[in-house]
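Notes follow the structure.
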Amino acid sequence: MTKYTITIEAFVDKIPNNTTVFTGYIPENIKIIVENKHIKLIDMMKNQNNILFNSYLTAEGLLSNIIQVVPFSLISANILILGYGNCGYRIAEIFSNLCNEIYIYDKDTSKYKETKATNIFPISNIQSSLENTNIIINTVPHAIIENTLYKYMSSDFYIFDIASTKNNFDSSQIKKHNINYNTCPGIPGRYSPKSAGEILAKYIINHLEGNEWNDMEF
């Protein structure tokens with residue numbers, strides 16, 4: 001860690017040509033900068049095993065975070081999960097054993113067929129579920145909650161935003177309605193650094209050895 005920050009361009013300029021860089025979730029603008037220097041990028045989060053294991057560590061770490069923050073037991077919690085991709089599915093799976101009810105919302109309703117637990121309810125209308133929930137978990141990297149919906153959240157309402165992008169929620173509406181808003185970036189590395197590091201190290205080693213890595217189980 002350094003006491004100052006540098007631009008992506010300056011960082012890339014320090015990397016020798018023809019270097020291989022292992023990373024994850026690479027924005028398109030960075031890809032262009034790197035490719036112009038003939039640097040090979042390996043996006044580790046395009047590997048399905050990494051995605052699945054990362055989603056499990058995210059759900060596990062999020063559970064620890066929520067337990068530390070909210071003043072009530074999860075047994076009385078009704079949770080709305082925005083987005084039912086890999087992370088949303090794993091969060092619902094783990095939290096369903098502890099919470100009262102879980103509502104899931106995704107624009108792609110075909111994902112709802114993966115629902116297995118009896119206390120997980122797919123919804124098409126967010127407003128109706130807000131009146132019955134006290135926790136929102138957002139996994140989607142853009143705004144889902146419209147401004148007209150914040151009035152249905154009380155001051156004992158908690159939002160946990162695990163998406164890495166900004167402006168997923170309207171800060172003025174959160175302040176106006178006194179909503180508890182929590183950002184949760186980099187959960188695997190913060191809550192399970194050993195496991196997160198080991199899984200990436202195994203992927204890198206297998207890649208450098210020229211092996212396919214499709215045998216991860218958990």
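Taken together, the values in this text are just the output of simple stated rules run on the coordinates, not laboratory data. Note that this is a predicted model, so its numbers are computed, not measured. Counting neighbours? That spans all protein chains shown, and the Cβs are built from the backbone with ideal geometry, glycine included.
Here are the numbers for this structure:
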| quantity | calculated |
| --- | --- |
| Chymotrypsin sites (Phe, Trp or Tyr not before Pro) within segment 27-93: DSSP coil, no more than 16 neighbouring Cβ in 10 Å | PHE72 |
| Simple Cβ-charge dipole of segment 61-185, Lys/Arg +1 and Asp/Glu -1, about Cα centre, in debye nearest 20 | 140 |
| Inter-site label distance for MET45 and SER171 at 7 Å from Cα along Cβ, in nm | 2.2 |
| Dipole in debye (nearest 20) - the chain, about Cα centre, beta carbon charges: Lys, Arg +1; Asp, Glu -1 | 440 |
| Segment ILE8-ASP108, length gained on full extension (0.36 nm per residue, minus Cα span) | 32.6 nm |
| Burial ranking of peptide ranges 93-106, 57-70 (average Cβ count within 10 Å, highest at the top) | 93-106, 57-70 |
| Estimated inter-spin distance, SER76 and THR183, nm [label 7 Å along Cα→Cβ] | 3.1 |
| Using alpha-carbon coordinates, inclination of helix 86-95 to the longest axis of the chain, degrees | 50 |
| Lys/Arg +1, Asp/Glu -1 at C-beta; the chain dipole; positive extreme among TYR103, PRO16, ALA77 | PRO16 |
